[in-house]
Every structure is written in C-alpha cells, then in structure tokens.
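Below is one structure; the comments refer to it alone.
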Amino acid sequence: MSSFNPVDVSHRFVEALVSEGDRCVDATVGNGYDTVFLAKRVGVTGHVLGVDIQVEAVTQAKDRLAANTLGDRVSLRVSGHEDLDVHLEALGWQSIRLAMFNLGYLPGSDKSIVTSSENTIRALAICERFLDRTGAISLIAYRGHAGGMEEYEAVSRWFAQLPLDEFFVLRYERWTRTGGVAPVFFWAQKRS
Ligand SMILES: C[S@@+](CC[C@H](N)C(=O)[O-])C[C@H]1O[C@@H](n2cnc3c(N)ncnc32)[C@H](O)[C@@H]1O
C-alpha cells in the first residue's frame, strides 16, 4: 500500500490523469524510477520524453527501463530541462499530458549537481506552454539542501502566479510541530 509521502501522493495524482496513449515528460530523470512509472502508465501507444543533465543518471534510467522492457516507450536525452522545448519540437509533439519534476540531487551521487531556481522556472514555463487541454505539472521540491529553500520559494511563487480560473493549483506538505523542512508536492492542472 502506498503512503502519504509526497512521492507516493504525486504518483496517485499522475495515475488518475495519465492513461494509455498519452505523451508525458520526466523533467528530472535521476535514477529512472519516475520514468519507469510513467512508461507503464502511457502503455505501448504512449511515449515519455526524459531529460537529465547527468550522463550517469540517463545511463541508469536506460538500464532500468530495459530491465522492465520499457525502453521503446521512452526517449532519453542528456540535457537540461531548460531546453525541453528543443526536444519536444524535435519529436514533433504539439502537446503533453503531464510533466513531472522531482527536484534536488541524484540520490547516492554528487550532491553539488542539483536543480536550480532559474532552470526549473524556465522548464516550468515551457511545460505550461505545451500542456494539453486538461494537462498537468507535478513537482516535488526539497528544502533541506544548499539552495533548496531558494528554489522552493521560486517554485512556490511560480505556482502562485498561475491564473486560478485556468488552473487547479494544489500544494501538499506534511505538517510538522518543529517547523521542519519536509518536501512539498505541487500540482497544477489545466481546467478544460
Ligand atoms: C531527485 S533527482 C530525480 C529523481 C528521479 N525522478 C527518480 O525517479 O529517480 C533530481 C535529478 O535532477 C537532475 N537535474 C539537475 N539539474 C537539471 C536540469 N537542469 N535539467 C534536468 N535535470 C536536472 C539531477 O542530475 C538529478 O538526477
């Protein structure tokens, strides 16, 4: 059974939205767990575009996809998500159902290679442009590492400026008595 941690909760939202034949983006491939999850959801007729700036991450994700016989459903690029428009256009995609972001650093790897406010905001704006009629952006922000709080605040401002007559916007975080820095899940879905 899944828990109430932000990653599991985000997966439940994605499961409710994404189905066979959809086109989705994994904007932070990392170890490829989310990529595999998305590839399963889009089925044999759908497709996932996944990007990460680290060769190591893309290689691991490729192996994970191959082990799950899902390689055909995913196009992986070693690239920053701030250049997602180039890859979307190269694939000839006019729209996407979902873009998924899991910010921060690659677990078990160099913690200095992290997502940044500037690039994340650029990528969010690109994804917003490509969303289909009821498409969504899912994002998890971490606040505990260097630069994490600044990025979280920038992301928070970005979601807050979305027009609420056009988007359903949600933020989800665990309430702590100590004022801790639990990860935050953001979801913005277009209203039809
Ligand atoms: C928390 S990990 C992602 C975890 C992943 N979703 C998974 O299921 O394993 C964050 C990833 O973002 C990547 N990253 C950092 N800056 C990036 C950028 N500008 N564009 C794309 N990926 C980036 C890092 O290399 C790292 O692999």
Exercise for the section: Please find, in a Gaussian network model of the chain (springs between Cα atoms separated by less than 10 Å), the residue of 40, 111, 62 whose mean-square fluctuation is greatest. Expected result: 111
Handout entry: Within the chain, helix-based [θ] at 222 nm, where runs of 4 or more DSSP H residues each add -39,500 (n - 2.57), nearest 500
Key = -11000 deg cm²/dmol
Completion exercise
Total charge of the residues flanking residue 5 in space, meaning their Cβ is under 13 Å from its Cβ, with Lys and Arg +1 and Asp and Glu -1, is 0
Practice task
Starting from the Cα of residue 44, step 7 Å along the direction of its Cβ; do the same at residue 192; then give the gap between the two resulting points in nm.
Solution key: 2.8
Handout entry: Spatial extent of the chain: Rg and Dmax, with the Cα atoms as the point set, Å
Key = 15.6, 49
Fill in the blank from the handout: Per its Cα gyration tensor (rounded if a/c is under 1.5, else prolate when a/b beats b/c, else oblate), segment 115-192 is best filed as oblate
Handout entry: Mean separation of Cα contacts under 8 Å, 6 or more apart, over the residue count of the chain: relative contact order %
Key = 19
Problem - Heavy-atom accessible area order for 133, 143, largest first, 1.4 Å probe - result: 133, 143
Handout entry: Cα centroid of segment 149-192 to Cα centroid of segment 38-85, whole Å
Key = 25
Fill in the blank from the handout: By the Cα gyration tensor axes a ≥ b ≥ c (a/c under 1.5 gives rounded; else a/b larger than b/c gives prolate, otherwise oblate), the shape of segment 1-80 is oblate
Handout entry: Rough spin-label spacing in nm, given labels placed 7 Å along Cα→Cβ, for residue 172 and residue 86
Key = 3.4
Problem - Gain upon complete extension [residue 133, residue 165; 0.36 nm per residue less C-alpha separation] - result: 10.2 nm
Practice task
For residue 190, go through the aspartates and glutamates and keep the ones whose alpha-carbon is under 20 Å away, minus same-chain ones fewer than eight residues off.
Solution key: 15, 20, 22, 26, 85, 128, 132, 165, 166
Problem - Total formal charge among the other residues, if their Cβ is under 11 angstrom from that of residue 126, Lys/Arg +1 and Asp/Glu -1 - result: -3
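The values are calculated or read from the model by the stated rules, or taken from the named source; none is laboratory data. Quantities reported herein were computed from a predicted structural model and do not represent experimental measurements. Note that we place each Cβ from the backbone using ideal geometry, even for glycine, and neighbour counts take in every protein chain shown. The accessibility values were calculated without ligands, DNA or RNA, using every heavy atom of the protein model including side chains. Shrake-Rupley method; radii C 1.70, N 1.55, O 1.52, S 1.80 Å.
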